[in-house]
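A.B. asks: The structure's right below; bear with me while I get my questions together.
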Amino acid sequence: MAIALVTLTAATTPPATPSETLSDAHPRTAADPAAVVREWNAIATDTIKTSLGPRPSGQAAIWEGFVSVAVYNAVVGIEGGYALYKWHERGPAKASATAAAATAAHDVLLTCFPASKARLDTAYADSLAALPAGHARDQGVAYGKRAAARILELREGDGRFADVPFTASPAPGVWRPTPPAFQPFIDTWLARLRPLLLSSPQQFRPGAPPALSSAAYAEDIQELKTMGAKTGSGRSAQQTETALFFSGNLVEQVQAAVRDHAARHRLGITETARLFAAVNASATDAAVTAWDAKLHYGTWRPITAIRLADTDGNPATTADPAWEPLLVTPSHPDYVAGHTTVAAAVGRALTGVLGTSHIDLHVPSDATGTTRFYGSADDFNRDVIDARVWGGVHSRTADVAGCRAGAHVAAWALAHYFQPTPPKRAARPHTLAEPKCGEPTD
């Protein structure tokens, strides 16, 4: 089996410390089999973080998606209620879904992150030891292995780590490496990765950004110069905190928030597995969508645009060669923003699965040491959009276009996957309002 392996190193309340995962706060009991899904999500997140390190890429979303759909199939194939993901092999009715979920997660992670074998094997042994020995556990283990093998088979030759060059020559409006590290375009292969759900990476590619000569472009640059500057900006203290809050790994923030939501609402094992699969598979394809647009349009970042504004041909912009953003600019193009594309996909997946616009999400941030509550996806999207502008790393146009694309990805995903069996006559996800994507909320 030709599988590419990852071997890289690399209102607010205080959040949990790094050693206090959400599964620790909501420990597994005999009456809470769903905890195994939350626990293995936490293990997956820690494994991915350890392997990737502080990479400014959407890559984390890919691995979370792989694990989540494997766990979903392992659970739903036994418990029923929902359509399997690209599979038709149901498990034994009396098999342990808990054992199947742990096995599927372990096997996918072990294949993708072999350097984490010792920790993964220990966690897996602990998961099985907590279950009664017997035929049900053994059947669950066997089915979980098949569920993992199915996902790994589906992902063979999917384009991971392919050599995808960015060939555009430096010119006004065109991306080039940015200070301080001047790193090349990172993980370009994401733009050509075969999606989990969509038919192609460009299925929801947004239209082109405004021309350099346009008033809309000039407005973006002026807002960035004023609100995204490292020093002398027009930001309030709260706006700076918002920029910092979303300056880290958004995918990691989302995992903790969804674990907490599932535990507080006492979702069962099937509903928990479905929630993670819908959120993370949508986030996977949102990351692919964002990278497709980045590679296709290849637009320069704010720090380049502002420092070289005297070359853009727009009389409404003026150059500031010394301008610096609040945050370090990630090493990939501006349009579209990965953060907002993924955030909107997550929000739309949540509202679709929950059947309500009220997402009830407590999102933590290691960067600020605080947690924010979001009652609606629109509020979540608004803050992520603003954060990337106020951090000086994305134009508002790139943020809003990403938000809209991500919402479309998740809406399409939920119309085609993770559906009840038999399908409900009136699927509520299709009737939810379009996200505001930064527009004022009521």
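A.B. asks: Is the range 99-111 home to any residue that is part of a loop (DSSP other than H, G, I, E, B) and open to solvent by less than 50 Å² (accessible area, probe 1.4 Å)?
C.D. replies: Scanning the range 99-111, I find no residue that is part of a loop (DSSP other than H, G, I, E, B) and open to solvent by less than 50 Å² (accessible area, probe 1.4 Å), so the answer is no.
A.B. asks: Sticking with this structure for a sec: Looking at the range 242-256, can you tell me whether even one residue there is open to solvent by 40 Å² or more (accessible area, probe 1.4 Å), among the small types (G, A, S) and within 22 Å of D312 (Cβ to Cβ)?
C.D. replies: no
A.B. asks: While we're on this one: Could we say that A162 is at pLDDT 95 or above, touching a helix residue (DSSP H, G or I) at 6+ places or on another chain (Cβ under 7 Å) and either outside any loop (DSSP other than H, G, I, E, B) or not acidic (D, E) (or both) here?
C.D. replies: Yes; evaluated as a whole, the condition is true for this residue.
A.B. asks: Moving on. Do any residues in the range 209-231 that are more than 17 Å from V400 (Cα to Cα) have Cβ atoms under 9 Å from those of residues that are open to solvent by less than 40 Å² (accessible area, probe 1.4 Å) and aromatic (F, W, Y), where the two are at least six apart or on different chains, and which pairs are they?
C.D. replies: Here the result reads K225/W323; A229/W323; K230/W323, each pair linking the range 209-231 to a residue that is open to solvent by less than 40 Å² (accessible area, probe 1.4 Å) and aromatic (F, W, Y).
A.B. asks: Restricting the search to the range 352-367, which residues are closer than 13 Å to F276 by Cα and either assigned to a strand (DSSP E or B) or in contact with a strand residue (DSSP E or B) (Cβ under 8 Å, 6 or more places away or on another chain) (or both)?
C.D. replies: Selection gives nothing.
A.B. asks: If you don't mind, another one. Return the residues of the range 179-199 that are assigned to a loop (DSSP other than H, G, I, E, B), under 30 Å from A415 (Cβ atoms) and open to solvent by less than 30 Å² (accessible area, probe 1.4 Å); say none if nothing qualifies.
C.D. replies: Within the range 179-199, D187, L193, P195, L196, L197, L198 qualify.
A.B. asks: Among the numbered criteria (1) open to solvent by 20 Å² or more (accessible area, probe 1.4 Å); (2) assigned to a helix (DSSP H, G or I), which single criterion is violated by P132?
C.D. replies: Single failed check for P132: (2).
A.B. asks: I'd like the full set of residues that are more than 16 Å from the chain's Cα centre (by Cα), closer than 21 Å to E439 by Cβ and surrounded by 20 or more Cβ atoms within 10 Å (Cβ to Cβ), limited to the range 361-375.
C.D. replies: R372, Y374
A.B. asks: Which one is farthest from R235 (Cα to Cα) among residues in the range 371-401 that are touching a Phe, Trp or Tyr at 6+ places or on another chain (Cβ under 7 Å) and part of a strand (DSSP E or B)?
C.D. replies: If we take residues in the range 371-401 being touching a Phe, Trp or Tyr at 6+ places or on another chain (Cβ under 7 Å) and part of a strand (DSSP E or B), then Y374 is farthest from R235 (Cα to Cα).
A.B. asks: Quick one: A290 ticks every box in (1) touching a Gly at 6+ places or on another chain (Cβ under 6 Å); (2) assigned to a helix (DSSP H, G or I); (3) farther than 16 Å from W175 by Cα except a single one, so which number is it?
C.D. replies: (3)
A.B. asks: Being modelled with pLDDT of 95 or more and either touching a strand residue (DSSP E or B) at 6+ places or on another chain (Cβ under 7 Å) or assigned to a loop (DSSP other than H, G, I, E, B) (or both) narrows it down to one of L224, L212, so name that one.
C.D. replies: L212 is the lone residue from the list that is modelled with pLDDT of 95 or more and either touching a strand residue (DSSP E or B) at 6+ places or on another chain (Cβ under 7 Å) or assigned to a loop (DSSP other than H, G, I, E, B) (or both).
A.B. asks: Continuing with the same structure: Here are some residues: D310, D320. Which one is charged (D, E, K, R), at pLDDT 95 or above, surrounded by fewer than 19 Cβ atoms within 10 Å (Cβ to Cβ) and assigned to a helix (DSSP H, G or I)?
C.D. replies: Going through D310, D320 in turn, just one is charged (D, E, K, R), at pLDDT 95 or above, surrounded by fewer than 19 Cβ atoms within 10 Å (Cβ to Cβ) and assigned to a helix (DSSP H, G or I): D310.
A.B. asks: Does R176 satisfy being buried (at least 19 other Cβ atoms within 10 Å of the Cβ) and not in a helix (DSSP H, G or I)?
C.D. replies: So R176 does not fit the description; no.
A.B. asks: Out of the range 257-278, which residues are open to solvent by 50 Å² or more (accessible area, probe 1.4 Å) and basic (K, R)?
C.D. replies: The answer is R264, R266.
A.B. asks: Could you count how many residues in the range 265-314 are in contact with a strand residue (DSSP E or B) (Cβ under 8 Å, 6 or more places away or on another chain) and not aliphatic (A, V, I, L, M)?
C.D. replies: Going residue by residue through the range 265-314, those that are in contact with a strand residue (DSSP E or B) (Cβ under 8 Å, 6 or more places away or on another chain) are 265, 270, 274, 298-300, 302-303.
With the extra rule that they be not aliphatic (A, V, I, L, M), the set shrinks to 265, 270, 274, 298-300, 302.
Selection size over the range 265-314: 7.
A.B. asks: Next up: How many residues does the range 332-354 contain that are open to solvent by 10 Å² or more (accessible area, probe 1.4 Å) and of a type in the set (G, A, S)?
C.D. replies: The number of residues fulfilling the criteria is 1.
A.B. asks: Keeping to the range 376-424, report how many residues are basic (K, R), surrounded by fewer than 23 Cβ atoms within 10 Å (Cβ to Cβ) and more than 20 Å from T356 (Cβ to Cβ).
C.D. replies: Number of matching residues: 2.
A.B. asks: Give me a count of the residues in the range 55-92 that are under 15 Å from the mean Cα position of the chain (by Cα) and open to solvent by 40 Å² or more (accessible area, probe 1.4 Å).
C.D. replies: Result for the range 55-92: 2.
The values are calculated or read from the model by the stated rules, or taken from the named source; none is laboratory data. Only a predicted model underlies this, so the values are computations on that prediction, with no experimental measurement involved. Every residue, glycine as well, gets a Cβ built from its backbone with ideal geometry; the counts of neighbours run over all protein chains shown. Each accessible area value is taken on the protein alone, full model and side chains, heavy atoms only, with ligands, DNA and RNA left out. Shrake-Rupley method; radii C 1.70, N 1.55, O 1.52, S 1.80 Å.
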